[in-house]
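Trainee: Submitted below is the structure of interest, expressed as structure tokens.
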Amino acid sequence: MDSFSLKPWTVVFDHEDWVQLNDHLFPGDGEEHGAVLACGVVDDGGVRRLLVREVHVARDGIEYVPGQTGYRALTPEFVVRCAARCSGEGLAYLAVHNHDGTDSVAFSRTDLASHERGYPALLDITEGGPVGALVVARNAVAGDIWEAQGRATVAETLVLGANRTRLLPRPGPTPAAASPQHHRQTLLFGHDGQALLASLRVGVVGLGGAGSLLSQALVHLGVGELVLVDDDTVEESNLSRIVGSCYTDIGRSKVLVAKNFAHSIRADVRVQAHEHSVMDASTAASLGACDAIFLAADSMQARHVVNAICNQYLVPGFQVGAKVSSDKDGHITDAFAVGRVIGPSGICMWCRNLILREQLALEALSPALRRQARYVEEVPAPAVITMNMMSTAFALNDFLFRFTGLHEADNLQPRRYHFLTRAPVVEASGTSPRTCLECAGRKAFGSRKRLPVAQR
């Protein structure tokens with residue numbers, strides 16, 4: 001299998017896994033070291049991603065030893081043990097070693113010859129793989145991926161921390177100058193940043209007051225493709241908050257109103273319009289192929305599914321919300337906006353107790369059963385466009401500064417702003433380890449694990 005005939009892959013790391021691997025490969029001794037990655041797989045709709053779920057470091061002199069045909073090699077026992085685990089979990093197998101260098105890296109002829117000898121057998125052990133290898137320099141990663149149908153390279157490796165870092169096999173071409181429409185924002189993040197935004201596919205779940213603001217801003221920023229999800233229609237009470245809506249839109253799909261508004265701003269923006277609930281399996285799968293997801297729907301079902309997608313597909317998520325609280329006499333006691341980063345390097349909404357099991361179960365019932373189960377009729381909550389603007393500003397700027405690499409903060413904790421007291425922006429209280437069955441159990445499995453959605 002000599003030629004690289006298949007579409008290249010993207011490898012995606014959570015920041016903690018990348019640090020673990022990097023520390024092992026580059027301890028400061030100038031030597032070569034090895035490891036194996038167990039990866040979830042996404043191969044759908046032109047998106048091909050290998051999502052790092054586990055890092056298995058090879059102990060020097062025990063599992064990574066002098067090779068018979070190359071400088072060093074993983075021992076057969078270590079390879080078989082890791083390959084068996086990958087096969088049992090439905091994960092891809094990637095061997096990793098390091099080379100000298102900074103911004104460029106490539107496999108040696110000896111490396112490629114070892115792949116030719118070993119990877120056909122590994123494809124059999126893992127029942128079709130993919131299997132392959134990465135070679136890592138300080139700021140570069142190259143890959144050789146074997147599949148039953150052929151062979152592919154790794155086009156890019158993404159590390160999802162407070163900043164999203166993109167590593168290539170070698171420096172890429174200089175991007176073309178941005179259009180005059182985006183000149184002022186390229187003064188902040190450059191033509192590279194603008195080209196990155198144009199390459200992104202971003203999901204928005206919920207196209208009401210907050211979601212419509214998000215969609216509008218993403219189009220203005222120059223994001224290349226939007227995946228819009230909402231099964232609701234516009235009501236008269238929505239007109240004070242849904243940007244781009246008017247009286248003739250009453251009764252129309254919120255998604256289609258947002259799509260038309262997006263094209264009125266920028267005719268070249270690509271829009272996938274899903275007039276379905278996020279509980280729809282094909283709709284959820286479309287979100288798994290996104291580069292980022294904004295959650296602007298406040299149902300427990302939407303929180304549950306988006307939280308699962310962000311962890312299972314290693315997609316950065318950004319939740320927005322605004323809430324008004326009152327006492328029994330109707331006096332306003334609090335009014336705040338919040339922005340939360342979920343998924344890689346963010347929070348798990350289950351670990352933070354932001355998904356309530358009783359309400360989640362109630363939402364799963366039919367409308368008639370929900371009415372029977374409630375002791376008190378639902379009362380519409382206050383909603384004001386200016387409060388939505390604050391929460392969406394949190395999320396949009398976290399997205400923008402993270403993806404363009406401008407963050408100096410090393411954490412992405414939630415933030416609130418309390419309107420009544422004009423309290424400064426603070427981190428929302430509470431910390432929890434990411435150890436629950438949802439975040440730890442789903443982490444990086446990709447499309448080889450079912451999402452918590454309705455199955456057709």
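Trainee: Here's a check for you: in region 207-234, which residue that is β-branched (Val, Ile, Thr) and closer than 12 Å to Cys290 by Cβ is surrounded by the fewest Cβ atoms within 10 Å (Cβ to Cβ)?
Mentor: The qualifying residue surrounded by the fewest Cβ atoms within 10 Å (Cβ to Cβ) is Val227.
Trainee: Suppose the filter is under 30 Å from Ala364 (Cα atoms), hydroxyl-bearing (Ser, Thr, Tyr) and touching a helix residue (DSSP H, G or I) at 6+ places or on another chain (Cβ under 9 Å); does Ser237 pass it?
Mentor: no
Trainee: May I pose another question? Identify, please: which residue in region 45-62 is in a loop (DSSP other than H, G, I, E, B) and under 18 Å from the mean Cα position of the chain (by Cα) and is, among those, surrounded by the most Cβ atoms within 10 Å (Cβ to Cβ)?
Mentor: Gly45
Trainee: Would you point out which residue out of Val105, Val96 is hydrophobic (A, V, I, L, M, F, W, C), in contact with a Pro (Cβ under 9 Å, 6 or more places away or on another chain) and assigned by TED's automatic domain parsing to the domain that holds Val154?
Mentor: Exactly one of Val105, Val96 is hydrophobic (A, V, I, L, M, F, W, C), in contact with a Pro (Cβ under 9 Å, 6 or more places away or on another chain) and assigned by TED's automatic domain parsing to the domain that holds Val154, namely Val105.
Trainee: So, one more: Please state which of the following conditions Val204 fails to meet, knowing it meets all the rest: (1) over 20 Å from the mean Cα position of the chain (by Cα); (2) β-branched (Val, Ile, Thr); (3) surrounded by 14 or more Cβ atoms within 10 Å (Cβ to Cβ).
Mentor: With respect to (1) over 20 Å from the mean Cα position of the chain (by Cα); (2) β-branched (Val, Ile, Thr); (3) surrounded by 14 or more Cβ atoms within 10 Å (Cβ to Cβ), Val204 is out only on (1).
Trainee: Return the total of residues in region 74-117 being among the small types (Gly, Ala, Ser) and under 20 Å from Leu50 (Cα atoms).
Mentor: Residues meeting the conditions: 8.
Trainee: Okay, moving on. Quick one: which of Val65, Val42, Val36 is surrounded by fewer than 19 Cβ atoms within 10 Å (Cβ to Cβ) and in a strand (DSSP E or B)?
Mentor: After applying the criteria, what remains is Val65.
Trainee: Check Ser286, Ser237 and return the single one that is surrounded by fewer than 18 Cβ atoms within 10 Å (Cβ to Cβ) and over 21 Å from His182 (Cα atoms).
Mentor: Ser237
Trainee: OK, next. Test each condition in (1) crowded, with 22+ Cβ neighbours inside 10 Å; (2) over 18 Å from the mean Cα position of the chain (by Cα); (3) of a type in the set (A, V, I, L, M, F, W, C) for Ala267 and report the one that comes out false.
Mentor: That leaves (1) as the condition not met.
Trainee: Tell me, yes or no, whether region 166-177 has at least one residue that is polar (S, T, N, Q), buried (at least 22 other Cβ atoms within 10 Å of the Cβ) and over 30 Å from Leu239 (Cα atoms).
Mentor: No, because not a single residue in region 166-177 is polar (S, T, N, Q), buried (at least 22 other Cβ atoms within 10 Å of the Cβ) and over 30 Å from Leu239 (Cα atoms).
Trainee: For the structure I just gave you, tell me whether Leu365 is assigned to a helix (DSSP H, G or I), over 16 Å from the mean Cα position of the chain (by Cα) and surrounded by fewer than 19 Cβ atoms within 10 Å (Cβ to Cβ).
Mentor: It is false that Leu365 is assigned to a helix (DSSP H, G or I), over 16 Å from the mean Cα position of the chain (by Cα) and surrounded by fewer than 19 Cβ atoms within 10 Å (Cβ to Cβ).
Trainee: Looking only at region 310-323, how many residues end up being part of a helix (DSSP H, G or I) and under 19 Å from Leu356 (Cβ atoms)?
Mentor: Final tally of qualifying residues: 2.
Trainee: Would you be able to say whether some residue in region 192-200 is among the hydroxyl-bearing types (Ser, Thr, Tyr), touching a residue at least 12 places away in the same chain (Cβ under 8 Å) and in the same structural domain as Pro316 (by TED's automatic domain parsing)?
Mentor: yes
Trainee: Turning to a different aspect of this structure: State whether one or more residues within region 2-11 are in contact with a Phe, Trp or Tyr (Cβ under 9 Å, 6 or more places away or on another chain), outside any loop (DSSP other than H, G, I, E, B) and surrounded by 21 or more Cβ atoms within 10 Å (Cβ to Cβ).
Mentor: Checked against the condition, which is being in contact with a Phe, Trp or Tyr (Cβ under 9 Å, 6 or more places away or on another chain), outside any loop (DSSP other than H, G, I, E, B) and surrounded by 21 or more Cβ atoms within 10 Å (Cβ to Cβ), region 2-11 yields no hits at all.
Trainee: Right, another one. How many residues are within 23 Å of Leu51 (Cβ to Cβ), modelled with pLDDT of 90 or more and among the β-branched types (Val, Ile, Thr) if we restrict to region 415-456?
Mentor: Final tally of qualifying residues: 1.
Trainee: Could you check region 161-188 and list, in sequence order, the residues that are among the β-branched types (Val, Ile, Thr) and part of a loop (DSSP other than H, G, I, E, B)?
Mentor: Hit for region 161-188 is Thr174, nothing else.
Trainee: Does region 6-37 hold any residues that are within 21 Å of Arg151 (Cα to Cα) and under 18 Å from the mean Cα position of the chain (by Cα), and which are they?
Mentor: Trp9, Thr10, Val11, Val12
Trainee: Give just the number: which of (1) within 12 Å of the chain's Cα centre (by Cα); (2) within 21 Å of Glu225 (Cβ to Cβ) does Asn311 not satisfy?
Mentor: Going through (1) within 12 Å of the chain's Cα centre (by Cα); (2) within 21 Å of Glu225 (Cβ to Cβ) one by one, Asn311 breaks only (2).
Trainee: Now a separate question. Run down Ala381, Ala335 and say which single residue is at pLDDT below 90, assigned by TED's automatic domain parsing to the domain that holds Ser277 and either over 20 Å from the mean Cα position of the chain (by Cα) or assigned to a strand (DSSP E or B) (or both).
Mentor: Every option except Ala381 fails the conditions.
Trainee: Of everything in region 126-139, what is aliphatic (A, V, I, L, M) and touching a strand residue (DSSP E or B) at 6+ places or on another chain (Cβ under 6 Å)? Give them in sequence order.
Mentor: Correct list: Val131, Ala133, Leu134, Val135, Val136.
Trainee: Would you check if Leu360 is without any contact (Cβ under 8 Å) to a residue 60 or more places away in the chain and surrounded by fewer than 24 Cβ atoms within 10 Å (Cβ to Cβ)?
Mentor: No: the conditions fail for Leu360.
Trainee: Give Arg270, Arg340, Arg266 a once-over and let me know the one that is under 22 Å from Ser391 (Cα atoms) and among the basic types (Lys, Arg).
Mentor: Just one listed residue meets the conditions, Arg340.
The values are calculated or read from the model by the stated rules, or taken from the named source; none is laboratory data. Worth saying up front: this structure is predicted, and the values here are computed from it rather than measured. FYI the Cβ positions are ideal-geometry reconstructions off the backbone, even for glycines, and counts take in every protein chain you see.
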